[in-house]
Amino acid sequence: MPPASPERFSNLLADAIQWIAFRQRKNRQAVQDELGYAMGRSGGTAIAYWIYRKRIPAHLDDIENLAQVIAQRGGWENPSNLLAFLEASGHPNARQLANRLLPLDDPDATPAAGERGQPHPFPFVVGPPTLLPRQFFGRQMELKHIFNVLRGPPLQNVAIVGKQRSGKTSLLHYIKNISSALPAQLRPGQFQGWLPESARYLWVFIDFQDPRMCTQIGFFRHVLSQLQIPFPNPCTLNTFIEAVSQQLSSPAVILMDELPVALQAQELNETFWWGLRSLGANLTEGRLGFIVTSQLLREHMVLANNSPSPFLNIFGHLIELGPLTRQEAYELVNSSPIPFDSADIEWILETSQCWPALLQILSMACWTHLEEERHNEDWKTVALRSIARYQYLLNHDA
Ligand SMILES: Nc1ncnc2c1ncn2[C@@H]1O[C@H](COP(=O)(O)OP(=O)(O)OP(=O)(O)O)[C@@H](O)[C@H]1O
Ligand SMILES: [Mg+2]
């Protein structure tokens, strides 16, 4: 095994971030933050520390997570960069892990294998939200409600409220992607006919943890490009509203993740929210709907100046995200390509209390144990340690 090299590790990490920024036309800070969030942190500070202080993360978990979230964004320009990164980190099984994330003998296997419908090297998604419909399980009741509301006209608006890690972002991606998913992005027999005439719908996903979305111009640019409406010059709140109200001819749904972050943004002021509200309520003849997520209930959401936002009054439908049903949780766990013992499935269902984030972590631990044939290891003890920080989910009082 080559010796660990912090210098090489941080250079390769910086290169991967630069590569994602280039491919996604984002700045490096935004990419760092996104990777940090995907790793379950509150931003990109740790990543900046590893790069600029030339440090290797102290925990193997962090190294593996980092390699995976970068792979999911197509950040390894070629598989040998990933291998070099893992070797530089001193990872004990660098080659095996690199091969699993991006097969080294497949030159085409670089960017975002999952996007192209190829099976993902790991059967469970630990950390980042699920992006592909085939990775998403359950929420049948919630989906029925949401897609009924979106039938319109008029399209109505839904607020999804759930604790941290309850599955809000995964649900938004599923709503946006399921109707147009290709067969390779679905599990065999997976239902996708939720919305009649779904081909007419336009979808805009907004992640307010991306700082560009918390500026008016960044928001307008993103929304207009997704709605396929030309960018007016100058682009102001008034010209944005005029462009959307005059040119939106299809049903459209704006999905906003982490709304409270946007409400606190200085630039997205009360006038901005009034504008969005009239676009949805009056100016688009019922063609525009909003779905927002939040960890907070409406009564706790305020603007930066502490006043309530007028935008919130248009949300007539509230969905509170709890755990999956037992049957839905069973389907997730039972999707493992290596079948689990029924006693292990039972243990995973009980221990996770059917929260999808915990089901994913425990199932991944069980699968890794079987795949690597670590017969002597007590995988349940390790798995329990990994979910210790999610106690707040387990004290759920539903
Ligand atoms: N319906 C689902 N099916 C499968 N996995 C899910 C589902 N919902 C959530 N997960 C898993 O749970 C974890 C948390 O999901 P997600 O990131 O969507 O939650 P969140 O509420 O947006 O979290 P945060 O508050 O941290 O933004 C992810 O690892 C994701 O893979
Ligand atoms: Mg989220």
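The values are calculated or read from the model by the stated rules, or taken from the named source; none is laboratory data. The structure presented is a predicted model; accordingly, all values stated were derived computationally and were not measured. Note: ideal-geometry Cβ built from the backbone for every residue, glycine included; neighbour counts use all protein chains shown.
Within region 127-162, if we keep just the residues that are charged (D, E, K, R) and at pLDDT below 95, the residue that is nearest to ligand 2 (Cβ to nearest atom) turns out to be ARG134. Where helices (runs of 4 or more DSSP H) fall entirely within region 5-53, those with at least 3 residues that are touching a residue at least 40 places away in the same chain (Cβ under 8 Å) and surrounded by fewer than 18 Cβ atoms within 10 Å (Cβ to Cβ) are at 6-24.
Conditions tested, residue by residue: (1) assigned by TED's automatic domain parsing to the domain that holds ASP61; (2) more than 16 Å from ligand 1 (Cβ to nearest atom); (3) among the hydrophobic types (A, V, I, L, M, F, W, C).
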residue	(1), (2), (3)
GLU270	no, yes, no
GLY286	no, yes, no
PRO308	no, yes, no
GLY316	no, yes, no
GLN353	no, no, no
ALA365	no, no, yes
HIS369	no, yes, no
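Could you look through region 180-201, keep only residues that are closer than 28 Å to LYS26 by Cα and either β-branched (Val, Ile, Thr) or surrounded by fewer than 18 Cβ atoms within 10 Å (Cβ to Cβ) (or both), and pick out the one that is modelled with the lowest pLDDT? The residue in question is LEU182.
If I ask for residues that are in a loop (DSSP other than H, G, I, E, B) and farther than 16 Å from PHE137 by Cβ, which ones from region 320-376 would you list? Within region 320-376, ILE338, PRO339, ASP341, GLU372, GLU373, ARG374, HIS375, ASN376 qualify. Would you confirm whether or not region 328-336 contains a residue that is buried (at least 17 other Cβ atoms within 10 Å of the Cβ) and in contact with a Lys or Arg (Cβ under 9 Å, 6 or more places away or on another chain)? Taking every residue of region 328-336 in turn, at least one turns out to be buried (at least 17 other Cβ atoms within 10 Å of the Cβ) and in contact with a Lys or Arg (Cβ under 9 Å, 6 or more places away or on another chain).
Take SER278 and decide whether it is touching a residue at least 12 places away in the same chain (Cβ under 8 Å), assigned to a loop (DSSP other than H, G, I, E, B) and out of contact with any His (no Cβ under 6 Å at 6 or more places or on another chain). Against the criterion (touching a residue at least 12 places away in the same chain (Cβ under 8 Å), assigned to a loop (DSSP other than H, G, I, E, B) and out of contact with any His (no Cβ under 6 Å at 6 or more places or on another chain)), SER278 does not qualify. Farther than 19 Å from VAL333 by Cβ, of a type in the set (A, V, I, L, M, F, W, C) and more than 11 Å from ligand 1 (Cβ to nearest atom): does that describe LEU182? Taking the combined requirement at face value, the residue satisfies it. Note on region 167-185: residues that are closer than 18 Å to PRO356 by Cα and either in a helix (DSSP H, G or I) or more than 16 Å from ligand 2 (Cβ to nearest atom) (or both) total 8. For region 292-326, the candidate set comprises residues that are within 19 Å of ILE175 (Cα to Cα) and in contact with a Phe, Trp or Tyr (Cβ under 9 Å, 6 or more places away or on another chain); within that set, the residue that is surrounded by the most Cβ atoms within 10 Å (Cβ to Cβ) is VAL292.
Of GLN228, GLN185, GLN216, GLN209, all but one fail to be within 22 Å of GLN140 (Cα to Cα) and among the polar types (S, T, N, Q); the exception is GLN185.
When ALA262 is tested against (1) exposed (fewer than 14 other Cβ atoms within 10 Å of the Cβ); (2) assigned to a helix (DSSP H, G or I); (3) touching a residue at least 12 places away in the same chain (Cβ under 8 Å), exactly one condition is not met: (1). Among the conditions (1) within 11 Å of ligand 1 (Cβ to nearest atom); (2) over 26 Å from LEU358 (Cα atoms), the only one that GLN164 does not satisfy is (2). Residue pairs whose Cβ atoms lie under 7 Å apart, sitting 6 or more positions apart in sequence or on different chains, and linking a residue in region 382-396 that is part of a helix (DSSP H, G or I) to a partner that is at pLDDT 90 or above and basic (Lys, Arg), are TYR390/ARG165; TYR392/LYS163; LEU393/LYS163; LEU393/ARG165.
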